[in-house]
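Trainee: I have a structure I would like to understand better, so I am pasting it below and will then ask my questions one at a time.
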Amino acid sequence: MTRLSIFDPEETVTVTPLRTFPVIRDLVTDVSYNYEKAKQVPTFAPEPRQPDGTYRMQQEDVERGQEFRKCIECYLCQTVCHVVRDHEDNKTAFAGPRFFLRYAELEMHPLETNDHREAASAEAGVGMCNITKCCTEVCPEGIKITDNAIIPVKERVADRKYDPLVWLGSKIFRRSSDT
Ligand code: SF4
Ligand code: SF4
């Protein structure tokens, strides 16, 4: 997102390919990692329509999802994220900021019927993010990835993990399954 007009015409400008993904040629990289991660995101499962055939949501819920859907899949956020940029071996366990937007949208959607907190934690690896906000800084669409998507998902995952009622329920369920 840097305008060339800010440089001195004599200055040398260096352009490099996205570093996190394998280079195919020149500036072209193989971003298939992202398509594999996209396939792992659960689909939207809304509750049944109202008796008059419509869905109803509050305007603020509509706007929250609209921010996330501004993503143009440039993958700049994915390439600057140090979790995969510096650690190739993390790629299997970490979906990356672009896909945390998808988990956040599902998890905060008022019509969604499934609970995605376990998937966001176990499959997408949201716990590996340490909120450095590099992804937010580079997003050309100005999406507040860390504040509006990642932190709310992390909070919801933590609520589930440390909620005493959830803990008690899991113990009772496990005991009754054992017996
Ligand atoms: S805030 Fe999290 S997801 Fe974003 S770049 Fe930093 S570690 Fe990666
Ligand atoms: S940087 Fe922004 S627009 Fe690009 S993939 Fe990430 S969220 Fe989407």
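Trainee: Only residues that are under 26 Å from Glu112 (Cα atoms), within 16 Å of ligand 1 (Cβ to nearest atom) and either of a type in the set (A, V, I, L, M) or open to solvent by 30 Å² or more (accessible area, probe 1.4 Å) (or both): list them for segment 68-80, please.
Mentor: Across segment 68-80, the qualifying residues are Cys71, Glu73.
Trainee: Would you confirm whether or not segment 113-135 contains a residue that is out of contact with any strand residue (DSSP E or B) (no Cβ under 6 Å at 6 or more places or on another chain), away from ligand 2 (no atom under 16 Å from the Cβ) and basic (Lys, Arg)?
Mentor: Within segment 113-135, one or more residues are out of contact with any strand residue (DSSP E or B) (no Cβ under 6 Å at 6 or more places or on another chain), away from ligand 2 (no atom under 16 Å from the Cβ) and basic (Lys, Arg).
Trainee: Also, quick follow-up: Report yes if Thr20 is part of a helix (DSSP H, G or I), surrounded by 11 or more Cβ atoms within 10 Å (Cβ to Cβ) and β-branched (Val, Ile, Thr), otherwise no.
Mentor: So Thr20 fails the test.
Trainee: Further, regarding this structure: For segment 86-98, what are the residues that are closer than 14 Å to Ala122 by Cα and part of a helix (DSSP H, G or I)?
Mentor: Asn90 - this is the single residue of segment 86-98 that is closer than 14 Å to Ala122 by Cα and part of a helix (DSSP H, G or I).
Trainee: Please state which of the following conditions Glu63 fails to meet, knowing it meets all the rest: (1) open to solvent by 80 Å² or more (accessible area, probe 1.4 Å); (2) touching a residue at least 60 places away in the same chain (Cβ under 8 Å); (3) more than 10 Å from ligand 2 (Cβ to nearest atom).
Mentor: Among (1) open to solvent by 80 Å² or more (accessible area, probe 1.4 Å); (2) touching a residue at least 60 places away in the same chain (Cβ under 8 Å); (3) more than 10 Å from ligand 2 (Cβ to nearest atom), the lone unmet condition for Glu63 is (2).
Trainee: Somewhere in segment 104-111, is a residue closer than 21 Å to Val153 by Cβ and assigned to a strand (DSSP E or B)?
Mentor: There is no residue in segment 104-111 that is closer than 21 Å to Val153 by Cβ and assigned to a strand (DSSP E or B).
Trainee: Could you please find all residues in segment 23-58 being of a type in the set (D, E, K, R) and either open to solvent by 100 Å² or more (accessible area, probe 1.4 Å) or not in a helix (DSSP H, G or I) (or both)?
Mentor: Arg25, Asp26, Asp30, Lys39, Glu47, Arg49, Asp52, Arg56
Trainee: Right, next: Restricting to segment 143-155, and then to whatever is farther than 19 Å from Val84 by Cα and in contact (Cβ under 8 Å) with a residue 40 or more places away in the chain, can you tell me which residue is surrounded by the most Cβ atoms within 10 Å (Cβ to Cβ)?
Mentor: That would be Val153.
The values are calculated or read from the model by the stated rules, or taken from the named source; none is laboratory data. All values derive from a computational prediction rather than experimental measurement. Heads up, the Cβs are rebuilt from the backbone with ideal geometry, glycines too, and the neighbour counts pull from every protein chain shown. Please note that ligands, DNA and RNA were not included when accessible areas were found on the heavy atoms of the full protein model with its side chains. Shrake-Rupley method; radii C 1.70, N 1.55, O 1.52, S 1.80 Å.
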